[in-house]
Amino acid sequence: MTHTKVLLSYIAAALASSLVSVSCSRREQSEPGRDESTAPSHAPSVARSAISDPVEPSPEPTLQPQAANDLPQPTPRSPPILEADPNSKGVRMGKPLFSCYYVSFAWGLSKHHGHVIDGQGRIWFYDLGRTWDPQPAGDGLYLETGLRERFRNPVLQSRRVPPAQLADMRKKAEIARGGLIEKKSMARDAGSAGCEAYLWERSDAYREVKLGTSGGYEIRNSSLEAGHLQEWLREEVGIGIPPQSRQK
C-alpha cells in the first residue's frame, strides 16, 4: 500500500510539471512580440531598399578612335580670294582709307605691294616695286599727292566692302588713332608686312594711323581697335596678299 501511494505521488508530480511547461509555452506564443503575423517579413524590406537606393546612371558612350575620325573636323578659315574686276575701265580710286602691304628691299630685290580700300568700299591691288616716302603737310599730316604716288597704277578688285561695315571700321580707326605706338627693330633684311588707316583731316592731307607691322621692323598699336582692324583687313577682307600668290 505504501508503495502504491508513493508511485501515485510521483506520477502526479510528473503530470503537474508537464502541465506547467505546456502553459509556459502557450504564453510565449501568445505574446504580441512573438506573433508571426506581426513580425516584419523580408520581402517589404527588400522592396523598400530597391525604391530608396539611387539608380546608378549608365556610363556615357565613348567614341572609338575610328568613330571620332568620322566626325566633321573644323577647317581653318582662309581669307577670301581677291581677283581683278574685268569691268574696271575708267574707274578712279577714291580717297584711300585702309591699306595692307608687304615691303622688302634686301639682297637687291625690290618688293612693295599690297591692297587699298577707298572711300567707296572698293579694293585695289598695287605693286610699286620700289621704296617710297610720304610727303609731309605739317601738323603731323601728309599730302594726298604723295599717297597717290604710292598707289599709282592700281588694279581694281571685284570684291567690295559694304558701306555700313566700312563706316564702322572708320570709327574704329578714329579710336585707334589714340593708341600708343611702340617701334622695334627685329631683324635686318627680313622684310615687313603691316596695315594702316588714313584719316582725312583736310581735303588734300591725311593723318596716318599705324595699325601694326611685323617682320624685320615691328610696330605695335596699344589700342584694341587697331588689332581688330588689322584682323578684319587680313582675315575678313583678305587684303595684303598679291593675287598671284593665292591658291584657288
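The values are calculated or read from the model by the stated rules, or taken from the named source; none is laboratory data. Keep in mind that what you see is a predicted model, and the values were worked out from it rather than measured. All Cβ positions, even for glycine, are placed from backbone atoms using ideal geometry, and neighbour counts span all protein chains on display. Side chains are part of the model used for accessible areas, which takes the heavy atoms of the whole protein and leaves out ligands, DNA and RNA. Shrake-Rupley method; radii C 1.70, N 1.55, O 1.52, S 1.80 Å.
With r as the distance between the Cβ atoms of ASN87 and ILE181 and R0 = 51 Å, compute the FRET efficiency 1/(1 + (r/R0)^6) and round to 0.05.
It comes out at approximately 0.80.
The portion of the accessible surface of segment 93-242 made up by carbon and sulfur, rounded to a whole percent, is 50 (1.4 Å probe; DNA, RNA and ligands excluded).
For segment 93-242, the Cβ-based charge dipole about the Cα centre amounts to some 160 debye (Lys, Arg positive; Asp, Glu negative; other atoms uncharged).
Between SER104 and ASP204, the C-beta separation translates, for a Förster distance of 45 Å, into a calculated FRET efficiency of about 0.90.
Average accessible surface for segment 127-179: 59 Å² per residue, computed with a 1.4 Å probe over protein heavy atoms with every protein chain in place.
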